[in-house]
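Asks: For reference, the structure I am asking about is given below.
The values are calculated or read from the model by the stated rules, or taken from the named source; none is laboratory data. Keep in mind the model is a prediction, meaning the values are calculated, not measured. Here the Cβ is made from the backbone with ideal geometry for all residues, glycine too, and neighbour counts use every protein chain on show. To get the accessible areas, we keep the full protein, side chains included, count just its heavy atoms, and leave off ligands, DNA and RNA. Shrake-Rupley method; radii C 1.70, N 1.55, O 1.52, S 1.80 Å.
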Amino acid sequence: GHPAPLSLAEGESLDLSEDEPPARRRKRAPVENTPEEWRRHRLAIKEAFPQGWSPPRKLSREAMDGMRAMHIYDKRTFSTPVLAEKFKISPEAVRRILRSKWEPSREQRARFAERERR
């Protein structure tokens, strides 16, 4: 069988006070491999896009927001290849849009909307 658990009365006392929150542990990425992986990814992107990233067809901000909403709603139905086909852009462009975290401020959003109206 298993050994019996230690009794709290026999061992050291535990401090159960709630004065300060417990320390949070952060997960850290393995540092030794990361720079090499970044270098390989950067080389692969440069090989795939020698002139830099310049998509032939660009989407409006509303279309990008809609694409993100569809993907969040159902990731299997609205996968990257499906969204690329529906929006008639490359899967790489869809991947970049879905990974992007940048959100324009209200003033920028208004300027973009005005520019699209013209």
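Asks: Around Ser54, with a cut-off of 13 angstrom between Cβ atoms, what is the net charge of the other residues, counting Lys and Arg +1 and Asp and Glu -1?
Replies: Every neighbour counted, the sum reads +2.
Asks: Any idea how far apart His41 and Lys86 come out in nm if each label point goes 7 Å out from Cα toward Cβ?
Replies: About 2.6 nm, to one decimal.
Asks: Where Lys and Arg each count +1 and Asp and Glu each count -1, what net charge lies around Arg117 among other residues with Cβ under 15 Å from its Cβ? Mind showing how you got there, number by number?
Replies: Numbers: positive: Arg61, Arg109, Arg111, Arg115, Arg118; negative: Glu62, Glu114, Glu116.
Neighbourhood net charge equals +2.
Asks: Right, here's the next one. May I ask you to give the percent of accessible area on the stretch 27-108 that is carbon plus sulfur, with a probe radius of 1.4 Å?
Replies: Roughly 56 percent of what the probe reaches on the stretch 27-108 is carbon or sulfur.
Asks: Please give the peptides 66-74, 92-100 ranked by average Cβ packing (other Cβ atoms within 10 Å per residue), highest first, as a rough proxy for protection.
Replies: 92-100, 66-74
Asks: May I ask you to rank Lys88, Lys101 by accessible area, largest first, using a 1.4 Å probe over the protein chains only? Don't skip to the end; give the middle numbers.
Replies: On the way: Lys88 150, Lys101 175 Å².
Ranking Lys88, Lys101 by accessible area, largest first, yields Lys101, Lys88.
Asks: Please state the shape class of the stretch 33-79: rounded when a/c is under 1.5, otherwise prolate if a/b exceeds b/c and oblate if not, all from the C-alpha gyration tensor.
Replies: oblate
Asks: Okay, next question. Sort the stretch 65-118 into rounded, prolate or oblate with this rule: let a ≥ b ≥ c be the square roots of the eigenvalues of the Cα gyration tensor; rounded if a/c is under 1.5, and if a/c is not under 1.5, prolate when a/b is larger than b/c, oblate otherwise.
Replies: Prolate.
Asks: Would you calculate the separation in nanometres between label points at Ser79 and Arg109, each defined as 7 Å from the Cα along the Cα-to-beta-carbon direction?
Replies: Output for this residue pair reads 3.2 nm.
Asks: Which value, in Å² rounded to 10, gives the accessible area of Lys86 with a 1.4 Å probe and all protein chains present?
Replies: 120
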